[in-house]
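The values are calculated or read from the model by the stated rules, or taken from the named source; none is laboratory data. A quick note: this is a predicted structure, and the numbers were derived from the prediction, not measured. Ideal geometry is used to build each Cβ from the backbone, glycine not excepted, and the neighbour counts take in all protein chains shown.
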Amino acid sequence: MQRVLILAAELAFASYAAASVAGPVTSTDFPDPSIVIADGTYYAYATNGNGYNIQLATSTDSGSTWTVLAQDALPTVGSWATGNNGLTWAPDVIDRGDGTYVMYYAGESTSEGTHCVGAATATTPLGPFSPESSALACNATGGGAIDPSGFQDSDGTRYVAYKVDGNNLGGGGSCGNGNLEYSTPIMLQQVESDGVTPTGDAIQILDRSEYDGPLIEAPKIVLVNGVYALFFSSNCYNTNLYDVSYATASSVTGPYTKASSPLLVTGDDSLTAPGGMTPIPDGSFAVFHATTNSDPLTRPMYTAKLTWDGTVVSAA
Ligand SMILES: *[C@@H]1O[C@H](CO)[C@@H](O)[C@H](O)[C@H]1NC(C)=O
């Protein structure tokens, strides 16, 4: 009797977990995914692959099943960028609310010689997105700017969060920063209501701590029940230490307090190196990637339902 009860409990746990984290939901590499919902269709965007600068997938069943489309969401990367297809990374798309969608992405800057963050606009989430003529943020001395994402505060003010790519400066070791020589802060840049024009100086809202290894990256802010939650990944993407973490604050500018434990780590829900999570604005559903093959590195998309209890976020 006791044994039957334990089995029942394990089964209940397994099915509960399976109902929250699902995937892989793409059969191919679809790293650093982001999501926007429009007219009931879910749109996901990913780092370059399959010959496209920015990959695109859609779901018409609320994110259960996805189709990767044979088209490039960002056919041209902007006159400021080198156009190196393999260096177009980590898009994020927001609905500006006026019939325009804004894509943030990272590309290699011709003048800076590092990655910069750019923006592009389209009148449908399918694109094609048209790039702005200049980059939105660069930081060549810091190693470059990557992993941009949009956020709109409750008062309507818009921001772009991004990572200063300090590990790109190359001290060696894990992700080029194993000796922790360089900073990899998350910056917050206010932008005008158009979502693409920076206003004022970027401020630093998060930095590495001892649990983060060589870097933090992949920021995305959502506001849920008055809690500003800044999702990010720690450690090197090609190691099993890569994770999905978050920090919370009562103001978009912080100070942000890191959660006592990451949201997803290797081993959770049988995942390997989960990272790059982007929730939808209300925080209830998110896309992220995890590794299914190390060589060639293959990181298909997964999804998660998130639950919130104050400043504690769970994916189960
Ligand atoms: C560039 O990055 C460094 C961190 O490496 C940071 O301290 C600095 O504030 C950044 N500069 C700007 C203009 O954002």
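Answer yes if at least one residue in the stretch 149-159 is buried (at least 24 other Cβ atoms within 10 Å of the Cβ), within 15 Å of GLN189 (Cβ to Cβ) and among the β-branched types (Val, Ile, Thr), and no otherwise. No, the stretch 149-159 has no match at all.
Taking the stretch 171-190 as the range and being over 21 Å from the mean Cα position of the chain (by Cα) and crowded, with 20+ Cβ neighbours inside 10 Å as the test, only TYR182 passes.
Among the residues of the stretch 191-213, the ones that are surrounded by 20 or more Cβ atoms within 10 Å (Cβ to Cβ), among the β-branched types (Val, Ile, Thr) and within 15 Å of the ligand (Cβ to nearest atom) come to 2 in all. Of all residues in the stretch 160-187, those that are on the phi > 0 side of the Ramachandran plot have Cβ atoms under 6 Å from Cβ atoms of residues that are in a loop (DSSP other than H, G, I, E, B) and within 13 Å of the ligand (Cβ to nearest atom), 6 or more apart or on another chain, in CYS175/LEU215. Looking across the stretch 272-305, the residues that are surrounded by 24 or more Cβ atoms within 10 Å (Cβ to Cβ) and not in a strand (DSSP E or B) come down to ALA273, PRO274, ALA290, ARG299. Restricting the stretch 243-256 to residues that are buried (at least 18 other Cβ atoms within 10 Å of the Cβ) and over 13 Å from the mean Cα position of the chain (by Cα), which is nearest to ARG299 (Cα to Cα)? Top of the filtered list is ALA247. Figure legend. Inter-residue proximity from the stretch 194-213: first residues polar (S, T, N, Q), second residues within 11 Å of the ligand (Cβ to nearest atom) and at pLDDT 95 or above, beta-carbon distance below 8 Å, spacing 6+ or different chains. Indicated pairs: GLN204/PRO185; GLN204/ILE186; GLN204/MET187; GLN204/LEU188.
Checking each residue in the stretch 120-137 for being of a type in the set (A, V, I, L, M, F, W, C) and either more than 17 Å from PRO91 (Cα to Cα) or more than 16 Å from the ligand (Cβ to nearest atom) (or both) picks out ALA120, ALA122, LEU126, PHE129.
Summed over the stretch 256-269, the residues that are touching a residue at least 40 places away in the same chain (Cβ under 8 Å) and on the phi < 0 side of the Ramachandran plot give a count of 7.
Filtered by the rule that a residue be within 16 Å of the ligand (Cβ to nearest atom) and over 19 Å from PHE231 (Cβ atoms), the stretch 138-166 gives CYS138, ASN139, ALA140, THR141, GLY142, GLY143, GLY144, GLY166. Can you tell me which residue is farthest from the ligand (Cβ to nearest atom) among those in the stretch 214-240 that are in contact with a helix residue (DSSP H, G or I) (Cβ under 8 Å, 6 or more places away or on another chain) and among the hydrophobic types (A, V, I, L, M, F, W, C)? The residue in question is CYS236. Looking across the stretch 175-190 at every residue that is within 9 Å of PRO214 (Cα to Cα) and of a type in the set (S, T, N, Q), the one that is nearest to the ligand (Cβ to nearest atom) is identified as SER183. Among residues of the stretch 138-159 that are within 11 Å of ILE94 (Cβ to Cβ), those with a beta-carbon under 9 Å from a residue that is within 14 Å of the ligand (Cβ to nearest atom) and part of a loop (DSSP other than H, G, I, E, B) at least six positions away or on a different chain give the pairs PRO148/LEU136.
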